[in-house]
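Asker: Right, I'll just put the structure down here and ask away after.
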Amino acid sequence: MSHEKMECDLLVLGSGMAGLSAAGWAAERGARVVVVEKASTRGGSAVLSGGVVWTATSASKMSTYGCGDPKLGAVVLDAYPQALAWIRSRGIQVSPAMNVLHGRGYAVDLIHHLDDCIQMVEKAGGYIVYETTTETLLKDDTGRVIGARTVCADGTVDVVATNTILATGGYQGSPELRAQNIHENARNLLLRSNPVSQGDGIRLGTEAGGVFNKDNKGFYGHLVTKSPNWGEERYYTGLSQYHSDHSLLFNEQGFRYCDETEGDHTNTYRTVFETNARAIVLWDKRIQETYATAHVVLSAPPLDKYKVAIENGGEGVHTTNIAQLEKFAIAHGFDGAQVVKSLAEYQEGATNGWENLNPPRRESAIPLDGEYYALVVYSAITFTFGGLMIDTEARVLKDDGSVLSGLLAAGSDAGGAYGIGYAGGLALAITFGITAAQTAGWK
């Protein structure tokens, strides 16, 4: 069956941070680009973020905190200065530098950046098409990917391109793929990102001969309290308990199960593998005043996380009475006696034997002061780290390690730069978006 045909220099599937950065970079250099977006508008999960483009400050920190393929992590580090210079060169507002977690970065006017990329695409004779799905990738007789078959309300169009970039945003929107690739508990994770990223790029890439990185079960997310209004974007930040890395975490059996100081995003990953993917997060007055009511980043207003959680249906207790803490745990399906015992063991270890704590506390081990704040928290997912296997030029790889010609991947469709750690999602997206565009010939 013949279909309507459109030709371009570069086809980009997905209009989030990775896809539009790739498209804008190439268009600015003269490419005629077609961007195909499944949703009704641009931006993907990027527009739900705080707009801070940050990453680790060295290769050693990328290895320690990103926990992914060092070669791919190096691409983020090496391309980051170029990405920021490009943003600034176009008059996009960029804040002064700020510390973010274990790295540094800048708050960027993300909407201006994305819309400017669209304008550059259209100025160069390209198109952004919305509410359009991609049925399959097209290949020539040599096996090279030469575009994609797309479907919209007006019919089917074969978009033929010299190179194609997959940037559809990962698979966090698919309960089935989460269960299959992360853990059965991941099927019911709360979603704190756009719902349309359901593994389309990974499906297209593997059907064309690319390989999915099944060993990478990592994802970025946060521990959150539940709310009857979950799904409203304002709760994605408001109910996230970013300070869990200063707190203690107990599973339903009443035990600590991870080094909480690795980071809230890593705690979120670890919690998925615990019963019902939930925990009690416990902290004291010092942590409440220093971290639980502070700015997460300077560009965001401070919030009293405990207060916001309780006001929006969260399960919590604020008490100086250890018996009340035990009662709270029992009432919510946790082994309260063991929680109290585990807390006592931590208090003793933090005072007289930090080196013997199990799990350890590598970054800090400070006894809690006796004024307790506790919330029941659940793992929530933002985007996945396991995607198609790529090389340092963003080229999709086949099962024998060779390059699948004509096909590139960026953002969450590309797997491996991060493992169970995290070193900045927007930085990952823009650096590999630019890298993919450069590999496609638009230096």
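The values are calculated or read from the model by the stated rules, or taken from the named source; none is laboratory data. Just so we're clear, the structure is a prediction, and the values are computed from it rather than from any experiment. We place every Cβ from the backbone using ideal geometry, glycine too, and count neighbours over all the protein chains shown.
Asker: Does Lys327 satisfy the condition of being more than 25 Å from Gly263 (Cα to Cα), among the charged types (D, E, K, R), assigned by TED's automatic domain parsing to the domain that holds Leu249 and surrounded by fewer than 17 Cβ atoms within 10 Å (Cβ to Cβ)? Explain how you work it out, then say what you get.
Answerer: Values: more than 25 Å from Gly263 (Cα to Cα): yes; among the charged types (D, E, K, R): yes; assigned by TED's automatic domain parsing to the domain that holds Leu249: yes; surrounded by fewer than 17 Cβ atoms within 10 Å (Cβ to Cβ): yes.
When the stated conditions are applied, Lys327 passes them.
Yes or no, residue by residue, for (1) within 22 Å of Tyr346 (Cα to Cα); (2) outside any loop (DSSP other than H, G, I, E, B); (3) in contact (Cβ under 8 Å) with a residue 12 or more places away in the chain; (4) of a type in the set (Gly, Ala, Ser):
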{"residue": "Ala279", "(1), (2), (3), (4)": "yes, yes, yes, yes"}
{"residue": "His295", "(1), (2), (3), (4)": "no, no, no, no"}
{"residue": "Lys307", "(1), (2), (3), (4)": "no, yes, no, no"}
{"residue": "Gly314", "(1), (2), (3), (4)": "no, no, yes, yes"}
{"residue": "Gln324", "(1), (2), (3), (4)": "yes, yes, no, no"}
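Asker: Continuing with the same structure: Of all residues in region 382-412 being in contact with a Lys or Arg (Cβ under 7 Å, 6 or more places away or on another chain) and in contact (Cβ under 8 Å) with a residue 40 or more places away in the chain, which is surrounded by the most Cβ atoms within 10 Å (Cβ to Cβ)?
Answerer: Residues of region 382-412 that are in contact with a Lys or Arg (Cβ under 7 Å, 6 or more places away or on another chain), as a first pass: 382, 386, 392, 403-406, 408.
Among the residues that remain, those that are also in contact (Cβ under 8 Å) with a residue 40 or more places away in the chain are: 382, 386, 392, 404-406, 408.
Working: Thr382: 24, Gly386: 25, Thr392: 15, Leu404: 25, Ser405: 17, Gly406: 24, Leu408: 33.
Restricting to residues being in contact with a Lys or Arg (Cβ under 7 Å, 6 or more places away or on another chain) and in contact (Cβ under 8 Å) with a residue 40 or more places away in the chain, the top hit is Leu408.
Asker: Looking for something assigned to a helix (DSSP H, G or I), touching a Ser or Thr at 6+ places or on another chain (Cβ under 8 Å) and modelled with pLDDT of 95 or more - is there at least one such residue anywhere in region 212-231? Spell out the reasoning first.
Answerer: Looking only at region 212-231, we keep the residues that are assigned to a helix (DSSP H, G or I), and these are none.
No; the residues of region 212-231 include none that is assigned to a helix (DSSP H, G or I), touching a Ser or Thr at 6+ places or on another chain (Cβ under 8 Å) and modelled with pLDDT of 95 or more.
Asker: Inspect all residues belonging to region 116-127 and state whether any of them is buried (at least 20 other Cβ atoms within 10 Å of the Cβ), modelled with pLDDT of 95 or more, part of a loop (DSSP other than H, G, I, E, B) and touching a Pro at 6+ places or on another chain (Cβ under 7 Å).
Answerer: Looking through region 116-127, none of the residues is buried (at least 20 other Cβ atoms within 10 Å of the Cβ), modelled with pLDDT of 95 or more, part of a loop (DSSP other than H, G, I, E, B) and touching a Pro at 6+ places or on another chain (Cβ under 7 Å).
Asker: Listed residues Ala74, Ala27, Ala79, Ala83; which is within 22 Å of Val159 (Cα to Cα), in contact with a helix residue (DSSP H, G or I) (Cβ under 7 Å, 6 or more places away or on another chain) and part of a helix (DSSP H, G or I)?
Answerer: Details: Ala74 fails: within 22 Å of Val159 (Cα to Cα); Ala79 fails: within 22 Å of Val159 (Cα to Cα); Ala83 fails: within 22 Å of Val159 (Cα to Cα).
From the options Ala74, Ala27, Ala79, Ala83, the qualifying one is Ala27.
Asker: State yes or no: is Val160 farther than 14 Å from Gly386 by Cβ, part of a loop (DSSP other than H, G, I, E, B) and not small (Gly, Ala, Ser)?
Answerer: Details: farther than 14 Å from Gly386 by Cβ: yes; part of a loop (DSSP other than H, G, I, E, B): no; not small (Gly, Ala, Ser): yes.
Against the criterion (farther than 14 Å from Gly386 by Cβ, part of a loop (DSSP other than H, G, I, E, B) and not small (Gly, Ala, Ser)), Val160 does not qualify.
Asker: Restricting to region 43-66, name every residue that is over 21 Å from Thr237 (Cα atoms), surrounded by fewer than 24 Cβ atoms within 10 Å (Cβ to Cβ) and at pLDDT 90 or above.
Answerer: Answer for region 43-66, where residues must be over 21 Å from Thr237 (Cα atoms), surrounded by fewer than 24 Cβ atoms within 10 Å (Cβ to Cβ) and at pLDDT 90 or above: Thr57, Ser58, Ala59, Ser60, Lys61, Ser63.
Asker: Whether any residue in region 93-100 is assigned to a strand (DSSP E or B) and either loosely packed, with under 14 Cβ neighbours inside 10 Å or over 26 Å from the mean Cα position of the chain (by Cα) (or both) is what I want to check. Please lay out each step first, then the result.
Answerer: Start the filter on region 93-100 by keeping residues that are assigned to a strand (DSSP E or B), which leaves 94, 98-100.
Checking the rest, the ones that are also either loosely packed, with under 14 Cβ neighbours inside 10 Å or over 26 Å from the mean Cα position of the chain (by Cα) (or both) come to 99.
Checked region 93-100: at least one residue is assigned to a strand (DSSP E or B) and either loosely packed, with under 14 Cβ neighbours inside 10 Å or over 26 Å from the mean Cα position of the chain (by Cα) (or both).
Asker: Next question, about the same structure. Which condition number in (1) within 22 Å of Gly68 (Cα to Cα); (2) surrounded by fewer than 18 Cβ atoms within 10 Å (Cβ to Cβ); (3) at pLDDT below 95 is the one that Ile420 fails?
Answerer: For Ile420, the exception is condition (2).
Asker: With the requirement that a residue be charged (D, E, K, R) and closer than 18 Å to Leu428 by Cβ, what does region 88-121 give you? It would help to see each step written out before you state the result.
Answerer: If we filter region 88-121 for residues that are charged (D, E, K, R), which is where we start, we get 88, 90, 104, 109, 115-116.
Correct list: Arg104 only.
Asker: Tally up the residues in region 53-89 that are over 28 Å from Glu28 (Cβ atoms), small (Gly, Ala, Ser) and in contact (Cβ under 8 Å) with a residue 24 or more places away in the chain, please.
Answerer: The number of residues fulfilling the criteria is 2.
Asker: Also, I was wondering about something else. Look at Gly43 and say whether it is of a type in the set (Gly, Ala, Ser) and under 23 Å from Ser240 (Cβ atoms). First the steps, then the outcome.
Answerer: Working: of a type in the set (Gly, Ala, Ser): yes; under 23 Å from Ser240 (Cβ atoms): yes.
Considered against the rule, which asks whether it is of a type in the set (Gly, Ala, Ser) and under 23 Å from Ser240 (Cβ atoms), Gly43 comes out as yes.
Asker: For the subset of region 130-149 comprising residues that are surrounded by fewer than 18 Cβ atoms within 10 Å (Cβ to Cβ) and β-branched (Val, Ile, Thr), which member is farthest from Glu4 (Cα to Cα)?
Answerer: By that ranking, first place goes to Thr142.
Asker: State which residue is surrounded by the fewest Cβ atoms within 10 Å (Cβ to Cβ) when the search covers only region 150-207 and only residues that are closer than 16 Å to Val34 by Cβ and free of Cβ contacts under 8 Å to residues at least 40 places away in the same chain.
Answerer: Applying the filter and picking the extreme gives Asp154.
This table checks each residue for (1) farther than 18 Å from Ala423 by Cβ; (2) more than 16 Å from the chain's Cα centre (by Cα).
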residue	(1), (2)
Glu4	yes, yes
Val12	yes, yes
Arg29	yes, yes
Thr41	yes, yes
Ser49	no, no
Thr57	no, yes
Met62	no, no
Pro70	no, yes
Gly73	no, no
